[in-house]
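> Got a structure for you, questions after.
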Amino acid sequence: MSGRLLAAALPELPEITPGDDLGHLIVEAWQALADEDPALAPAEGDVLVVTQKVVSKAEGRVVRLSEVEPRPEAVAWAREWDKDPRAVEVVMRETAEVVRMERGLIISRTHHGFVCANAGVDASNVGAEDVVTLLPEDPDRSAARLRAAIRDELGVDVRVVVSDSFGRPWRQGITDVALGVSGFAPLHDLRGAVDTDGREMQATVVAVADELASTAELASGKTSRRPVVLIRGATLPADDGTSVADMIMSREQDLFR
């Protein structure tokens with residue numbers, strides 16, 4: 001390990017619309033970055049972190065609220081908490097299980113198994129009024145498709161993370177986490193290894209995919225319109241067939257149910 005990590009946001013992408021070739025647009029942005037700094041040209045082992053928002057837009061995971069007819073429960077909740085009932089309806093559609101619904105907040109378990117606010121439905125940075133985005137149907141598959149498209153065009157095999165911003169229990173503020181990965185294992189299991197004192201570690205499993213996602217957010221920010229970040233220098237576990245689904249804690253392990 002070099003002890004050094006580079007994170008560089010690629011140049012702005014154009015406004016993404018359903019059906020756009022996101023992989024090609026990322027390649028163009030990366031080539032523009034390399035024109036500015038040849039040292040940042042694509043290289044084997046690089047990681048690209050791509051925000052969920054542009055992935056969802058390209059995949060058509062968008063809903064126009066003017067076309068949504070809210071159910072009575074959504075209307076009642078929206079009236080009580082001064083929300084848009086159509087947006088509440090979309091959240092309810094994307095929710096597999098309501099974990100908590102209180103004080104104007106809906107904490108959902110999505111169909112993917114993620115526990116997050118509003119089932120990941122988001123109206124920010126969507127490029128249009130009256131529109132919300134949904135999470136990709138299969139974020140791991142989305143990451144794999146982008147990785148394949150970039151490899152086909154550049155001839156370089158990179159790792160890909162699809163990221164999104166989540167809140168965390170018992171801590172203020174949000175941070176970016178991985179929704180999908182391709183090219184490496186999202187968890188680094190250190191159980192059985194020894195620490196610097198020679199003691200065997202019993203419980204240490206590092207969420208490397210989430211660490212990459214949060215690192216990328218520091219480089220791109222929330223309002224820069226630069227949704228793709230190159231990370232170089234990360235030592236990552238080999239791809240073992242696991243996915244972000246393997247990061248989701250089982251109900252048997254949940255001490256707060």
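> What ranking do 32-44, 140-152 get when scored by the average of other Cβ atoms within 10 Å per residue, highest first?
Answer by packing, highest mean first, reads 140-152, 32-44.
> Shifting gears a bit: To two decimal places, what compactness ratio does the chain give when its Cα radius of gyration is scaled by 2.2 N^0.38 Å?
Working it through for the chain, the quotient is 1.07.
> GNM, the chain, Cα, under 10 Å: largest mean-square fluctuation among Glu67, Glu97, Glu89?
Among Glu67, Glu97, Glu89, the largest GNM mean-square fluctuation belongs to Glu67.
> Could you tell me what percent of the DSSP beta bridges with both partners in the chain are antiparallel, to the nearest 5?
Approximately 85 percent, going by the DSSP bridge assignments.
> Now for a separate question. Kindly provide the Kirkwood hydrodynamic radius of the stretch 1-124 in Å, to one decimal, from all pairs of distinct alpha carbon atoms.
For the stretch 1-124, the Kirkwood estimate is 17.4 Å.
> Determine the gain in length on full extension of the stretch Ala39-His111; use 0.36 nm per residue of separation and subtract their C-alpha separation, reporting nm with one decimal.
Result for the pair: 21.8 nm of gain on full extension.
> Hey, another quick one. Under 8 Å for C-alpha pairs, at least 6 residues apart: give me the relative contact order for the stretch 1-121, rounded to a whole percent.
It rounds to 15 percent for the stretch 1-121.
> Next up: For Asp84 paired with Glu69, estimate the spin-label separation in nm (one decimal), with each label point 7 Å from Cα along the Cα-to-Cβ line.
2.0 nm
> Per residue, what accessible area does the chain have, given a 1.4 Å probe and all protein chains present, in Å²?
55 Å²
> Moving on. Nearest 20 debye, what's the magnitude of the dipole of the stretch 174-257 about its Cα centre given +1 on Lys and Arg Cβ and -1 on Asp and Glu Cβ?
Its charge dipole is roughly 460 debye.
> I've got another one for you. With only Lys, Arg, Asp and Glu charged, each at its Cβ (+1 for the first two, -1 for the last two), find how big the charge dipole of the stretch 124-206 is about the Cα centre; round to the nearest 20 debye.
About 200 debye.
> Using a 10 Å cut-off on Cβ atoms, rank the peptides 105-117, 154-166 from the highest mean neighbour count down.
Ranked by mean Cβ neighbours within 10 Å, highest first: 154-166, 105-117.
> Specify whether the C-alpha gyration tensor of the stretch 152-257 places it in the rounded, prolate or oblate class, a ≥ b ≥ c being the square roots of the eigenvalues: rounded for a/c under 1.5, otherwise prolate if a/b is larger than b/c and oblate if not.
Oblate.
> Whole angstrom only: what separates the Cα centroid of the stretch 25-49 from the Cα centroid of the stretch 65-129?
Cα centres, the stretch 25-49 to the stretch 65-129: 37 Å.
> Leaving out ligands, DNA and RNA, and with a 1.4 Å probe, what % of the accessible surface on the stretch 128-242 is carbon or sulfur?
Answer for the stretch 128-242 is 48 percent, counting heavy atoms of protein chains only.
> Right, here's the next one. Under a point-charge model restricted to the Cβ atoms of Lys and Arg (+1) and Asp and Glu (-1), what is the dipole moment magnitude of the chain relative to its Cα centre, in debye to the nearest 20?
The calculated dipole for the chain is roughly 660 debye.
The values are calculated or read from the model by the stated rules, or taken from the named source; none is laboratory data. Here the structure is a predicted model, which is why all the values come from computation and not from measurement. Here the Cβ is made from the backbone with ideal geometry for all residues, glycine too, and neighbour counts use every protein chain on show. With ligands, DNA and RNA removed, areas are computed over all heavy atoms of the protein, side chains included. Shrake-Rupley method; radii C 1.70, N 1.55, O 1.52, S 1.80 Å.
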